[in-house]
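The values are calculated or read from the model by the stated rules, or taken from the named source; none is laboratory data. Computed from a prediction, not measured in an experiment: that's the story for all the values here. Positions of Cβ are backbone-derived with ideal geometry, glycine not excepted, and every protein chain shown enters the neighbour counts.
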Amino acid sequence: MSNEPEFRCARRADVPLILQFIRELADYEGMLDEVVADEPTLEEWIFDRGRAEVIFALEDGREVGFALFFHNFSTFLGRAGLYLEDLYVRPEHRGKGYGKALLRRLAQIAVERGCGRLEWWCLDWNRPSIDFYLAMGAEPMSDWTVYRVAGEALNNLARPV
């Protein structure tokens, strides 16, 4: 790939494709059995509620990669940021610059919107991605640990005392 790829924002009709990319990524990460998202849920949260956005990288008009992202907020910066939930390029299209181009496009969106940062998580075992992110100028946040409450623990925490 010599030039930047074309990008397009996801449309409601792309929900099946978005779910397909999510499942491909989960399979790559060995986590396919954890995907409970379905088309109606994605349509509701991405398009009806507007809680996330998706862009696709295109090669010859075909989607070869995607990024799903949403706004978060930094109280220290006093402004929103972009959080990249998923970035995935299909295996047969890796090494062509699509991942870098998607990150660059997300950085452009963050700058255009006045965001203070772009951030994401990466699995500790995913050395190819870690090396890629480091080469792009990303810094690991080694002083921070991610905590999560989900499922029954979330329901328990939400119960009144």
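Tabulated data
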| read-out | value |
| --- | --- |
| Test: residue in segment 117-125 that is farther than 26 Å from Glu24 by Cα and modelled with pLDDT of 95 or more | yes |
| Odd one out for Gly95, checked against (1) at positive phi; (2) in contact (Cβ under 8 Å) with a residue 24 or more places away in the chain | (2) |
| Options Gly137, Gly81, Gly114; residue that is over 23 Å from Glu6 (Cβ atoms) and touching a Gly at 6+ places or on another chain (Cβ under 6 Å) | Gly81 |
| Every residue from segment 47-87 that is touching a residue at least 40 places away in the same chain (Cβ under 8 Å), closer than 20 Å to Arg23 by Cα and either surrounded by fewer than 21 Cβ atoms within 10 Å (Cβ to Cβ) or more than 14 Å from the chain's Cα centre (by Cα) (or both) | Glu53, Ile55, Leu58, Glu63, Val64, Asp86 |
| Matching residues in segment 116-131 - criterion: being closer than 15 Å to Phe69 by Cβ, within 14 Å of the chain's Cα centre (by Cα) and surrounded by 14 or more Cβ atoms within 10 Å (Cβ to Cβ) | Leu118, Glu119, Trp120, Cys122 |
| Failed item in (1) over 20 Å from Ser129 (Cβ atoms); (2) in contact with a Phe, Trp or Tyr (Cβ under 8 Å, 6 or more places away or on another chain), with Ile55 passing the rest | (1) |
| Residue list for segment 136-157, filter: out of contact with any Phe, Trp or Tyr (no Cβ under 7 Å at 6 or more places or on another chain), among the aliphatic types (A, V, I, L, M) and under 15 Å from Glu119 (Cα atoms) | Met136, Ala138, Met141 |
| Considering residues of segment 1-44 that are of a type in the set (Lys, Arg) and exposed (fewer than 13 other Cβ atoms within 10 Å of the Cβ) only, the residue nearest to Leu58 (Cα to Cα) | Arg11 |
| Conditions (1) in a loop (DSSP other than H, G, I, E, B); (2) modelled with pLDDT of 95 or more; (3) within 18 Å of the chain's Cα centre (by Cα): number failed by Arg148 | (2) |
| Odd one out for Glu92, checked against (1) loosely packed, with under 11 Cβ neighbours inside 10 Å; (2) more than 23 Å from Trp121 (Cβ to Cβ); (3) in contact with a helix residue (DSSP H, G or I) (Cβ under 8 Å, 6 or more places away or on another chain); (4) of a type outside the set (Val, Ile, Thr) | (3) |
